[in-house]
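J.: Mind having a look at this structure? Questions to follow.
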Amino acid sequence: MTMVNEDRRNVLKIFIGSSVALSLGALTTPLVGSVINAKALALKGEYSSVEVVLCENVDNCPEEYSVPISELRQGPKFVLLKKGNMAIPAVFGLVKATDGKEYPVAYNTVCTHFGCPVNPTGGKYLMGFACPCHGSFFTICNDPNGCPADEECTKNPDKCKRWPFLEAYVSGGPAPRSLRPIKVVVKGDRVYAVKAYI
Amino acid sequence: MRVFVRLWELILERFHLKEFLEHPVPRYSNLNPLYWLGDVAAMSFFILAITGFALALLYTPGLSLTKTPPDPLLPGHHGEELHGKKVYDATQSYASVYQITYLTPLGFILRQIHLWSAYMMIFATLAHFFAKFILGSYKRRGGGALWLLGVLLGFLTINQAVLGYILPLHLDGILAIQIGLNLFRYFDYFGIPVGQLVVSILGSAFVTDQVIKIIYVLHILVVPAIILVLLGLKINGILYGGVAPPPIKDEELRRKAMEEKEPFYPHRFALTVGQLLLQLSVILLLAALTPLPLLEPWVPGQEIPAGVRPPWPVMWYYTYVKMIDPFISVGLPIFLVLFALVVPLLDRRGGVSIEERWIWVAIAIVYIAIIGYGTVLGFLVEIPKEITPLTRISAPPDYAVPYIGTPQAVGP
C-alpha cells in the first residue's frame, strides 16, 4: 500500500507544480506584455483596433461605400460596409458644429464596451450613440477647438485634456474608450468611407 | 421467442454487458438526491442530441434578407403589409427557424423540447456542481480528475447554450454574438492580442455569413463532440472509481455505508429510467404551459430597443458587467472557473462530513450566492450607476483613436 501513497504524492506534486507554474505564467505574461507593448501600441493610437482600408483612393471608391449628402440631410443612415468576408456596420451622419458648419462623419457602430450595435441619437443631425445593452453613451465632440474631457476644464480651461473634434467620446456608462471612427471623404455630392477601424 | 432470448443473452455475453449491468453501486448513492443530479444533466444532453439532430437537418444558416410573418406567440409587433398579411424583413437564419417552429409538422414541440432540455441541462449542471462541492467529492482518490472534467464540461455547457442562442439570429441572438465577438478584445488592452486573433480567424468583428456558419458548425459538431468525449471519460471514471463517499463523520458508519452495495441493474437502472421519464414529462409540461417564443427578428442596422436582457443562464454576468468597471467584471467568469479548478488543491484536510468542512460548505454557498444574487438582481431592477460597489476606472487618454479624417465642412 505504500506504493499507492507514493504515487499519490507524486501525482499531487506534479499537479501542484504545474498549477503553480501555469498560474505564475498566466500572471506574469500580461504584466510583462503590458510593460513591453503597451506604450508602443498606445503611441500609435490604434490600441485594440484593426485598420481596414476600404479604398486606397476616393476616385475609384465603389458607390456601395458612399451615401449622398442630400440623404444625410434627412438624418443618419446605416450602411453595412462589406469587404471580402468582412462586414463593418457604419452609421453616416452630419454633425452641426459650434462654428455653424455641417461636417459629414461615419462611425463603426460596435460598442467599445461589449460589442453590441449602438443606436444613433439626435434628430436630423447626428449627436451621439446610445448602447442598448449596458447603457453606454457616446457623444460626438462638435467643438472645432476640442471638448473638455474632465471636470478640471471648468476651473482651468486652457490646461485640461480635451477630446479632439468629431471624436465620439464616452459621456456615460461602462464603455472604456471612444467609438471607433471611419474616415470619410467628400467627392461631388456623395460622402465616401475610405478607411475604418474595427 | 426462444431465439430472441438466446440472441439477447449472446449480446450480453459477447459485448461484456453483464459486467456493466451487474457492477456494484453503493446503496447510499441511490437514496441520496445529491447523487442523482449528474444523471439529469447527462440525460438532458442525450435528449438535446436527438432533437438537435432533427433541428440541424431543418435549419439553414444565413444572413440574406427574406420576408417572414410575425411570431404568433409575441404580440405587439409592428410590420408592413404584403398581400393583406403582415410581414417583416428578417435574416435567412430567422426565417429558417420560423419555418421549423410554425410551418413544419411537430417542429414546434421539437424546438420547445430542445430549448427546455437545454435550460434543464444548465440548471442540472449547476446543481450537480454545488452538490459535489458540498459533498467534497474531489477528496476521494481520482475525484480531483473527475472534478476537473466536470468544471470543463460545465464551461462547455454554458458555451453550447450561448452558441445555440445565437443561431436563430433574433434580436437577442445578435447581441449575444456581438458580445461574443468583442469580449476577447479586453485581452488586447493588456497587450495579448487574443481579440485580434479571434477577429482575424473569423474575418470580421461583425456577424457575417461566414461567422454564422462557424457558429453553426461549433454548435452542432465541435463542442458536442468534445462534450461526448469528456462525458465518456467521466462515466468511465465513475464506473471504475466509484462515487463520492457519504458525508458521514463516524468512520465505522461511513465504512459500513460504503460496503453496502446494489447491482446497477435493476436498482440504479430503474432510478435512471424513472428520472428520465419524469424529466421528459416536466419538459413537456413546461413546453405546454410556457412555450418559449421565437423572439423579434433582426436585420443589420435596425434600432435595438433599450433594456434588452440576456436569458437567465448568463443574467448574473450581465448584472455585474453593467455595474462594475469592465476591466474587472469582464474576467469574472474566468475567475469563477479558475477558482473551481483549484478548489481540490486548497480543500485537502479533514473528512467529508459537513461538520468537518463547514468552511468549504460556506464558500460553496458564497459561490452560488454570487451567481444567484446577480441573476435575481438582473431580473428585478434596472441597475442605476449610483449603487456600483466599485467605481469606474476612467480610460487613459492614449486609448482613444482620434478622429482619423480631416474634417470637411459641407454646410453653409
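J.: Arrange the following residues from fewest to most other Cβ atoms within 10 Å of their Cβ: B:His267, A:His134, B:His16.
T.: With the fewest neighbours first, B:His267, A:His134, B:His16 line up as B:His16, B:His267, A:His134.
J.: Something else: Among the lysines, select those whose C-alpha is under 17 Å from the C-alpha of B:Lys139, and discard any that sit fewer than 8 residues away in the same chain.
T.: A:Lys13, B:Lys234, B:Lys249
J.: Would you mind ranking B:Tyr240, B:Tyr373, B:Tyr102 by Cβ crowding within 10 Å, fewest neighbours first?
T.: B:Tyr240, B:Tyr373, B:Tyr102
J.: Same structure again: Where the only charges are on Cβ atoms (+1 Lys, Arg; -1 Asp, Glu), what is the dipole of the protein assembly as shown about its Cα centre, to the nearest 20 debye?
T.: So the magnitude is around 980 debye.
J.: Mind checking which of B:Gln92, B:Gly38, B:Ala54 is farthest towards the positive end of region B:13-304's charge dipole, using Cβ charges of +1 (Lys, Arg) and -1 (Asp, Glu) about the Cα centre?
T.: Toward the positive end, the furthest listed residue is B:Gly38.
J.: Follow-up. If you take the charge dipole of the protein assembly as shown about its Cα centre, with +1 on Lys and Arg Cβ and -1 on Asp and Glu Cβ, which of A:Asn57, B:Gly144, B:Ala118 is farthest toward its positive end?
T.: B:Gly144
J.: Please report how far the C-alpha centroid of region B:312-336 lies from that of region A:162-191, rounded to the nearest whole angstrom.
T.: 28 Å
J.: Oh, and also: Tilt of helix B:143-166 relative to the longest C-alpha principal axis of chain B, in degrees (0 to 90, nearest 10)?
T.: Compared with the principal axis, the helix lies near 30 degrees.
J.: Still on this structure, please answer the following. So what's the gap between the Cα centers of region B:209-263 and region B:8-31, to the nearest angstrom?
T.: Rounded to whole Å, the Cα centres lie 18 Å apart.
J.: Return one number: the angle in degrees, 0 to 90 and rounded to the nearest 10, between the long axis of the Cα atoms of helix B:171-183 and the longest principal axis of the Cα atoms of chain B.
T.: 80 degrees
J.: Still on this structure, I have one more. For chain B, what is the calculated [θ] at 222 nm in deg cm²/dmol (nearest 500), taking -39500 (n - 2.57) for each run of four or more DSSP H residues and dividing by its residue count?
T.: Theoretical 222 nm ellipticity from helices: -19000 deg cm²/dmol.
J.: Work out the charge dipole of chain A with +1 on the Cβ of Lys and Arg and -1 on the Cβ of Asp and Glu about the Cα centre, then indicate which of A:Leu94, A:Ala168, A:Tyr125 is farthest towards its positive end.
T.: Result: A:Ala168, furthest along the dipole toward the positive end.
J.: Ok, one more. For chain B, what does the relative contact order come out to in percent, with C-alpha contacts under 8 Å and a separation of six or more?
T.: Relative CO of chain B lands at 23 percent.
J.: Could you order peptides B:42-49, A:180-187 by the average number of other Cβ atoms within 10 Å of their residues, highest first?
T.: A:180-187, B:42-49
J.: Taking other Cβ within 10 Å of each residue's Cβ, how do A:Val110, A:Val50 sort, fewest first?
T.: A:Val50, A:Val110
J.: When you look at the Cβ of every residue in B:325-335, what mean number of other chain Cβ atoms sits within 10 Å?
T.: Averaged over the peptide's residues, the number is 2.
J.: Give the lysines reachable from A:Lys155 as a straight Cα distance under 26 Å; neighbours fewer than 8 places away on the same chain don't count.
T.: B:Lys385
J.: Okay, moving on. For chain B, what are Rg and Dmax over the alpha carbons, in angstrom?
T.: Values for chain B (Cα only, Rg and Dmax): 25.1, 98 Å.
J.: To continue, here is another question. Tell me, what ³J(HN,Hα) does each residue in region B:123-131 have, in order and in whole Hz, if you take phi through Karplus 6.51 cos²θ - 1.76 cosθ + 1.60 with θ = phi - 60° and put x for Gly and Pro?
T.: Taking θ as phi minus 60°, the curve returns 4, 5, 4, 5, 5, 4, 4, 6, 4 Hz for region B:123-131.
J.: Taking the Cα centre of region A:51-197 as origin and charging only Cβ (+1 Lys, Arg; -1 Asp, Glu), how large is the dipole, in debye to the nearest 20?
T.: 120 debye
J.: Let me check the size of the protein assembly as shown from its C-alpha atoms; what are the radius of gyration and Dmax in Å?
T.: According to the Cα coordinates of the protein assembly as shown, Rg and Dmax are 28.5, 99 Å.
J.: Hey, what do the phi angles of region B:256-271 turn into as Karplus ³J(HN,Hα) couplings, whole Hz, using 6.51/-1.76/1.60 and θ = phi - 60°, x for Gly and Pro?
T.: Listing the rounded values in order: 5, 5, 6, 7, 7, 10, 10, x, 4, 9, x, 4, 5, 4, 4, 4 Hz.
J.: Let me ask something else about it. Treat every Asp and Glu Cβ in chain B as -1 and every Lys and Arg Cβ as +1, leave all other atoms uncharged, and give the resulting dipole magnitude about the Cα centre to the nearest 20 debye.
T.: Roughly 980 debye, rounded to the nearest 20.
J.: Within straight cross-link reach of A:Lys195, meaning Cα distance under 29 Å, which lysines are found once same-chain residues fewer than 8 apart are removed?
T.: By straight Cα distance, A:Lys195 reaches A:Lys39, A:Lys44, A:Lys77, A:Lys82, A:Lys83, A:Lys96, A:Lys101, A:Lys124, A:Lys161, A:Lys183, A:Lys187, B:Lys213.
J.: Rounded to whole Hz and in sequence order, give me ³J(HN,Hα) for region A:12-19 from the Karplus expression 6.51 cos²θ - 1.76 cosθ + 1.60, θ = phi - 60°, writing x for Gly and Pro.
T.: 5, 4, 4, 4, 5, x, 5, 5
J.: Right, next: From the helices alone, meaning DSSP H stretches of at least four residues, give me the mean residue ellipticity at 222 nm for chain A, per-run term -39500 (n - 2.57), in deg cm²/dmol to the nearest 500.
T.: Value at 222 nm, helices only, nearest 500: -8500 deg cm²/dmol.
Just so you know, all these numbers are worked out from the coordinates, no wet-lab data involved. For clarity, every value in this text was computed on a predicted model and none was experimentally measured. Every residue, glycine as well, gets a Cβ built from its backbone with ideal geometry; the counts of neighbours run over all protein chains shown.
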